[in-house]
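Visitor: Let me give you the structure first, and then I'll get to my questions.
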Amino acid sequence: GGAVKGGRGRKEGRKGRAGAMRAEEPLALAAPRAGGEAEAEAPGEERSGGSCCSSERLVINISGLRFETQLRTLSIFPDTLLGDPSRRVRYFDPLRNEYFFDRNRPSFDGILYFYQSGGKLRRPVNVSIDVFADEIRFYQLGEEAMERFREDEGFIKEEEKPLPRNEFQRQVWLIFEYPESSSSARAIAIVSVLVILISIITFCLETLPEFRDEREMPVPLPPQGGGLNGTPGDSPPMQPASSLADPFFIIETTCVIWFTFELLVRFFACPSKPEFSRNIMNIIDIVAIIPYFITLGTELAHEQQQPGAGSSNGGGGQQQAMSLAILRVIRLVRVFRIFKLSRHSKGLQILGQTLKASMRELGLLIFFLFIGVILFSSAVYFAEADDPESHFSSIPDAFWWAVVTMTTVGYGDMRPVTVGGKIVGSLCAIAGVLTIALPVPVIVSNFNYFYHRETDHEEQ
C-alpha cells in the first residue's frame, strides 16, 4: 500500500461506482454469488474485474494523508481495529468512500507495515516512543505486539506479581508486602521502618567509648600471676556476666523479635515458597537476623563457661581473642539491615533496579578501571624507580595510587615527585575522568525509565 495525497491517486472512473454505493455503505453489503452464496462486502472496498479477494482495496485517510491497501493485507489480523470490519466501519466516510482517522500521520507508516510484514512493528524515526505506543493501543494491535515493541525499544519486561489463592493468606500478604494496599498495611510498614531505624541507631551507638562493651575491647594476655586467685577485675578476657542484661542487647532482642515475626509471617503467606527463598530482599532479611542468634549462642556458651574462666591460660586467651574477632565480623553483618529500608522506599527500589539494569555498563567500567590501574601503576613505578624519595616501592604498591587518581579522589598519601611521574599522573587523571564519564548516560537513561514508569503507575 502507498500514500496518496490530495485525493488525486484515484481514477475519475471510480466515482460512478462510489456514488452507487453511498446509499448502502454505512452497512455491510451482501451480493448474491453464482453458487447461491452471499459474500459480505465492507464499506469502502473496491473490486477490479472478476478476481475475488486478490484486488479488493480500501482507502484509509489519516488526518489528510491517504493510504490505499488491499483488504487481504488487513485481514491477516482480524482481531485488530483495521482487520475487523465490524470495528472499522464506525470510521467510514460515505461521502468520500474511505475510512478516516484523526490520528498521528507519521505513525501510520509503522502501523501499516505491521500488516504488510505479518506482525513486525517498526517505529518511524520521527515518532516518539510514547506517541507510537498510543497508536498501537488505538489500532488495537494487541498486548503481544505491545510487548514485542517494548522489548525492541529496550524496555525491561515487568515481572508479574502473583497473589496467594487463599483469601486469608492473600490479605496477610497484601498487608506485609504492599504498604499502599490498605491503612493497616501502612501502619505495619511504619512500624517496620521505625524498628529498622532503631536497630541501625543502636548498632552505631553501642560502639561509642561511653557504651562500648568490654567484649569489643582488645583481649590482653593473662595476668603475670597466671590468673591464679584473680578477682573478676583482674581477668579482662573474661566475658562480663551482665551481657544479657545490657540495654543495647535488650533493644536488639526486641528488634530481632519483630524482624523474625515479620519474616515468618511473610514466608507462610507468600504465594510461592521457592520464589520467596530466591528473592534478594528476603535473603537480606535472613542475613540481618542470623548474627543475633549466633551472638546469643556465644553469650550463653560463655555464661556456662564463666565459673572456670579464671583458670584459663595463655592459649585460652588467644582462643578467646580469635572467637571475639570472628564475633565482631559476624556482628558487622547487622549493618545490612539498612537495605531492609528499600522494601518501604520507592527511591531505593528504583536505584536498585537501575543498578541491576546497568550491570553490563558497570562491568565495563570496572574492566576499564582495572586496565587503567595496571597500566598507570606500572608506568609510574618505572618513572619513579630511580628517585630515592619515590613513594612507589613496587607495582602492587602503586595500585592504590592509580585507583584514587583515576576516581579523582586523590588522598595525597602517595604522589609522584619526578617529571615523568607527574606526566603519568596527569594522564592517569584524564583517563579516569573519561572512563567514568562514558557509562553515565546509559545509567541515567535507565534511572529515568524506571522513575517515569513508577510515577506512571502511581498516576494510574
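The values are calculated or read from the model by the stated rules, or taken from the named source; none is laboratory data. Since we're looking at a predicted model, the values are computed, not measured. No Cβ is skipped: glycine too gets one built from the backbone with ideal geometry, and neighbour counts run over all protein chains shown.
Visitor: What single numbered condition from (1) of a type in the set (Val, Ile, Thr); (2) over 27 Å from Pro439 (Cα atoms); (3) loosely packed, with under 14 Cβ neighbours inside 10 Å fails to hold for Ile395?
Guide: For Ile395, the exception is condition (3).
Visitor: Which residue out of Glu361, Glu384, Glu389 is out of contact with any helix residue (DSSP H, G or I) (no Cβ under 6 Å at 6 or more places or on another chain) and of a type in the set (D, E, K, R)?
Guide: Criteria check complete, one pass: Glu389.
Visitor: Looking only at segment 406-460, count every residue that is hydrophobic (A, V, I, L, M, F, W, C) and in contact (Cβ under 8 Å) with a residue 40 or more places away in the chain and tell me the total.
Guide: 11
Visitor: Could you say whether any residue in segment 370-384 is assigned to a helix (DSSP H, G or I), within 30 Å of Asp456 (Cβ to Cβ) and aliphatic (A, V, I, L, M)?
Guide: Looking through segment 370-384, none of the residues is assigned to a helix (DSSP H, G or I), within 30 Å of Asp456 (Cβ to Cβ) and aliphatic (A, V, I, L, M).
Visitor: Report, by residue number, each residue of segment 148-192 that is within 30 Å of Phe114 (Cα to Cα) and at pLDDT 85 or above.
Guide: Matches in segment 148-192: Arg148, Phe149.
Visitor: Then there is this: Enumerate the pairs (first residue in segment 285-302 and touching a residue at least 40 places away in the same chain (Cβ under 8 Å) and in the same structural domain as Ile198 (by the TED database); second residue anywhere and acidic (Asp, Glu) and in a helix (DSSP H, G or I)) with beta-carbon separation below 6 Å, excluding pairs fewer than 6 apart on the same chain, so at least 6 apart or on different chains.
Guide: Note: no pairs meet the criteria.
Visitor: Something else: Test of understanding: among Arg88, Arg148, Arg165, which residue is over 23 Å from Asn448 (Cα atoms), surrounded by fewer than 17 Cβ atoms within 10 Å (Cβ to Cβ) and charged (D, E, K, R)?
Guide: Exactly one residue qualifies, and that residue is Arg165.
Visitor: Is it the case, given these coordinates, that Thr207 is modelled with pLDDT under 90, loosely packed, with under 14 Cβ neighbours inside 10 Å and under 19 Å from Arg334 (Cβ atoms)?
Guide: yes
Visitor: Follow-up. Restricting to segment 336-361, name every residue that is more than 19 Å from Ala288 (Cβ to Cβ) and either exposed (fewer than 15 other Cβ atoms within 10 Å of the Cβ) or among the basic types (Lys, Arg) (or both).
Guide: Across segment 336-361, the qualifying residues are Lys346, Gly347, Leu355, Lys356, Met359, Arg360.
Visitor: Six or more apart or on different chains, Cβ under 8 Å: which pairs go from a residue in segment 138-149 that's more than 17 Å from Ser107 (Cβ to Cβ) to one that's at pLDDT below 85 and assigned to a loop (DSSP other than H, G, I, E, B)? Could you list them?
Guide: Qualifying pairs under 8 Å: Glu147/Lys157.
Visitor: Separate question: All but one of (1) at pLDDT below 80; (2) farther than 27 Å from Gln304 by Cβ; (3) not hydroxyl-bearing (Ser, Thr, Tyr) hold for Val195, so report the exception by its number.
Guide: For Val195, the failing item is (1).
Visitor: Would you tally the residues in segment 59-79 being surrounded by fewer than 20 Cβ atoms within 10 Å (Cβ to Cβ) and either part of a loop (DSSP other than H, G, I, E, B) or in contact with a Cys (Cβ under 7 Å, 6 or more places away or on another chain) (or both)?
Guide: Counting residues in segment 59-79 that are surrounded by fewer than 20 Cβ atoms within 10 Å (Cβ to Cβ) and either part of a loop (DSSP other than H, G, I, E, B) or in contact with a Cys (Cβ under 7 Å, 6 or more places away or on another chain) (or both) gives 7.
Visitor: Would you point out the residue of segment 410-459, among those that are in contact with a helix residue (DSSP H, G or I) (Cβ under 8 Å, 6 or more places away or on another chain) and small (Gly, Ala, Ser), that is surrounded by the fewest Cβ atoms within 10 Å (Cβ to Cβ)?
Guide: Going through the qualifying residues, I end up with Gly410.
Visitor: Turning to a different aspect of this structure: Please tell me if Gly297 is exposed (fewer than 11 other Cβ atoms within 10 Å of the Cβ), part of a helix (DSSP H, G or I) and at pLDDT below 70.
Guide: No, not satisfied.
Visitor: Got a sec? Which helices (runs of 4 or more DSSP H) wholly within segment 110-178 have at least 1 residues that are over 29 Å from Thr80 (Cβ atoms) and more than 25 Å from the chain's Cα centre (by Cα)?
Guide: Ranges flagged: 167-177.
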